Amino acid sequence: MLKIEGLTVNYGGIKALKGIDMDVPEGKIITLVGANGAGKSTTLRSVVGLTKITSGKIYYQGQNITGKNTVDIVRSGIVLVPEGRRIFPNLTVYENLVLGGYCEKNKKIFDERLEHVCTVFPRLKERLKQKAGTFSGGEQQMLALGRALMANPKLLMLDEPSLGLAPLIVKNIFEIIQTINKSGVTVLLIEQNAKAALEIADYGYVLETGNIVLKGSGVELLSNENVRKAYLGIA
Amino acid sequence: MNIESFFQHFSNAVSLGSLYALIAIGYTMVYGILRLINFAHGDIFMLGAYFAFYCLTLFMMPWWVGFIVAIGLTACFGILIERVAYKPLRNSPKVSVLISAIGVSFLLESLGVVIFGGIQKAFPIPDIFGKVVVIAGISIVSVNFFIPIIAIICLIALMYLVNYTKTGMAMRALSKDHEAARLMGIDVDRVISYTFGLGSILAAVGGIMWGMKYPQLYPLMGLMPGLKCFIAAVVGGIGNIAGAVVGGFVIGFIEIMTVAFVPELSGYRDAFAFILLIIILLVKPNGIMGEKLAEKV
């Protein structure tokens with residue numbers, strides 16, 4: 001569904017990505033794990049056109065989307081939930097969701113999606129009129145996910161959904177991600193919480209200072225000696 | 001001061017305050033989404049008044065047609081200015097855009113002198129706005145009634161657009177996070193154009209009514225009202241539409257009432273707004289309605 005070939009990104013003189021290749025097959029959960037500054041966010045931002053690519057190609061459903069503008073990419077079904085959630089704090093929950101479904105002009109389809117998001121996140125339904133800025137971190141993450149679902153993504157990319165959340169909420173969020181995936185949405189997940197990510201992933205890539213150093217199924221990577229040492233804190 | 005002249009001053013203050021409010025909204029909306037003080041806004045107000053003048057005198061349109069055409073033209077100019085002078089600088093430092101805004105302001109004023117001429121022109125006031133109405137012995141020009149009514153209609157329309165339409169929501173979202181808005185598939189440039197269009201419409205409405213209240217037009221007429229309305233926006237809390245309205249009325253009232261009660265100060269009429277600005281910046285820099293939003297990370 002998504003294919004990245006030889007992606008390089010330079011920020012000024014710094015090489016953030018040094019030519020990575022990735023493959024995200026339809027219907028799967030793919031994860032990209034790695035430490036801070038490894039280039040995970042840069043990868044996702046490049047896919048949606050927020051970061052300028054130095055070289056390399058990105059294909060989505062067989063089409064070259066390299067260098068296309070963000071709005072067109074989003075409208076074609078790739079939705080990114082950015083790091084730090086980035087909900088609109090001055091807007092109500094309902095308004096945030098409306099903007100999530102901004103591109104859908106058909107009122108009926110829009111209402112169905114809203115209904116769907118409210119079933120996945122009953123907590124949002126209770127608080128549609130509340131200002132999003134008053135939400136707790138976990139609630140904001142649910143809103144960010146709900147807002148992304150309003151765009152009816154084919155490929156949902158999540159940047160550190162567990163960041164700064166309590167372990168119990170992290171568990172909840174990861175369950176929701178699996179549910180979303182089962183409903184037919186392909187998921188590309190990046191995480192510092194490698195264990196949680198690899199446990200739900202069909203396939204994983206390990207990124208280290210701009211290079212992919214390892215890849216394999218979630219189970220394989222979880223049992224890999226180096227991964228255990230470097231990312232899971234298990235000797 | 002007798003009660004008659006008090007009410008005359010009062011109606012005067014209400015109509016001036018309404019005009020300031022309409023113009024101040026343009027400053028606050030643009031600041032809200034671009035963090036830019038659009039110094040050309042006062043000159044857009046001037047353009048609105050001149051366009052109406054030419055529609056009525058040169059093209060002999062019925063007044064209401066002329067006003068609508070002038071408002072539409074002004075909106076197009078507002079959008080054009082953004083496209084030409086601000087959009088190419090979207091990723092430049094804020095100060096570059098600010099300098100560009102000041103440049104546009106000078107350009108419009110100078111072009112005004114060249115094209116419209118530096119000599120004052122008398123605004124052709126349609127009869128309906130020029131009548132003197134006598135109520136209980138107080139005579140008031142009818143335009144002073146029309147101004148607040150039209151201003152309120154504009155405000156209600158604007159509040160509806162900003163609060164209940166998708167584009168309005170997108171405008172408010174942009175005031176917090178451009179990148180996140182793009183990730184929703186929102187065409188940021190279009191929303192910005194829309195904002196400039198709305199602000200320019202209000203400035204044009206203000207300019208036309210200003211022309212009927214103070215019927216001399218000259219190319220620099222937007223300078224002082226522009227500055228005062230910028231102050232009104234800051235006083236009310238910049239970025240906040242309701243604040244701009246409050247700020248506009250505060251300045252309108254202070255200006256008219258000080259002169260009314262202390263006529264010796266009338267020569268300092270234009271200074272009050274600036275004194276108020278200094279006081280507000282010292283006492284409540286966020287403005288009357290400005291709030292610090294609690295944000296969670």
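Where a number appears in this text, it was derived from the coordinates with a stated rule and is not lab data. These numbers were taken from a predicted model, which means no experiment stands behind them. Ideal geometry is used to build each Cβ from the backbone, glycine not excepted, and the neighbour counts take in all protein chains shown.
Annotations for the structure displayed:
- The B:Ala136 and A:Gln130 beta-carbon pair, evaluated with R₀ = 41 Å, returns a calculated FRET efficiency of approximately 0.25.
- Calculated FRET efficiency for the pair B:Met159/A:Arg228, C-beta based, R₀ 56 Å, to 0.05: 0.45
- Extension reserve of the A:Thr209-A:Thr179 stretch, reckoned as 0.36 nm per residue once the Cα distance is removed: 7.6 nm
- Across region B:262-279, coupling constants 3J(HN,Hα) worked out from phi with the 6.51/-1.76/1.60 Karplus curve, θ = phi - 60°, read 10, x, 4, 8, 4, x, 9, 2, 6, 7, 4, 4, 6, 4, 4, 4, 4, 4 Hz, and Gly and Pro carry x.
- More than 32 Å apart - percent of Cα-Cα pairs taken over chain A: 18
- Mean sequence separation of contacting Cα pairs (under 8 Å, at least six apart), scaled by the length of chain A, corresponds to a relative contact order of 28 percent.
- By the helix-only formula, in which each DSSP H run with n ≥ 4 contributes -39500 (n - 2.57) and the sum is divided by residues, chain B has a 222 nm mean residue ellipticity of -23500 deg cm²/dmol.
- Whole-number D in µm²/s for region B:152-200 (Stokes-Einstein; Kirkwood sum over Cα pairs; 37 °C, 0.692 mPa s): 297
- Relative contact order of region B:20-222, pairs being alpha-carbon contacts under 8 Å that are 6 or more residues apart, as %: 42
- Remark on region A:90-220: Rg and Dmax equal 15.7, 46 Å (Cα only).
- Computed over region A:44-84: relative contact order in percent, which uses C-alpha pairs under 8 Å that are six or more apart: 40
- Summed residue charge, Cβ within 13 Å of A:Gly101's Cβ, Lys/Arg positive, Asp/Glu negative: +2
- Region B:42-150: proportion of alpha-carbon pairs further apart than 19 angstrom, %: 58
- The protein assembly as shown: proportion of alpha-carbon pairs further apart than 36 angstrom, %: 44
- Coupling constants for region A:76-88 follow from the phi torsions by the Karplus curve (6.51 cos²θ - 1.76 cosθ + 1.60, θ = phi - 60°), and in residue order they are 7, x, 9, 10, 10, 9, x, 4, x, 6, 6, 6, 8 Hz; glycine and proline get x.
- Those aspartates and glutamates that a straight Cα-Cα span of less than 20 Å connects to A:Lys107, excepting residues fewer than 8 apart in one chain: A:Glu95, A:Glu115, B:Asp187
- With each label modelled as a point 7 angstrom along the Cα→C-beta vector, the A:Lys107-B:Lys94 pair spans 4.1 nm.
- Coarse-grained scattering of region A:24-71 at q = 0.18, 0.32 Å⁻¹, given as base-10 log I(q)/I(0) from a Debye sum over alpha-carbon atoms: -0.65, -1.21
- Most to least packed among B:72-81, B:161-170 [average Cβ atoms within 10 Å]: B:72-81, B:161-170
- Were the residues from A:Val219 through A:Asn172 laid out at 0.36 nm apart, the gain over their Cα-Cα distance would be 14.8 nm.
- Pairs over the 30 Å Cα-Cα cut-off, from the set A:Lys68/A:Lys215; A:Lys52/A:Lys171; B:Lys213/B:Lys284; A:Lys28/A:Lys129: A:Lys52/A:Lys171; B:Lys213/B:Lys284; A:Lys28/A:Lys129.
- Backbone geometry of region B:155-172 corresponds, through the Karplus equation with coefficients 6.51, -1.76 and 1.60 at θ = phi - 60°, to 3J(HN,Hα) couplings of 5, 4, 4, 5, 4, 4, 4, 6, 8, 10, 9, 5, 5, x, 4, 4, 4, 5 Hz, x marking Gly and Pro.
- Label-point separation, A:Glu115 to B:Leu220 (7 Å along Cα→Cβ), nm: 6.5
- Net charge of neighbours whose Cβ lies under 12 Å from the Cβ of B:Lys87, counting Lys and Arg as +1 and Asp and Glu as -1: +1
- B:Val114 paired with A:Thr54, simple spin-label distance in nm, labels 7 Å along Cα-to-beta-carbon: 4.7
- Length gained when the stretch B:Tyr268-B:Cys76 is fully extended (0.36 nm per residue, less Cα-Cα span): 65.5 nm
- Remark: mean inter-chain Cβ contacts per residue of A:83-96 equal 4, using a 10 Å Cβ-Cβ cutoff to other protein chain atoms.
- Computed log10 I(q)/I(0) for region B:20-222 at 0.09, 0.14 Å⁻¹: -0.37, -0.83, from the Debye equation with unit scatterers placed on every C-alpha and solvent omitted.
- Other residues lying with their Cβ under 12 Å from the Cβ of A:Tyr11 contribute a combined charge of +3, Lys and Arg counting +1, Asp and Glu -1.
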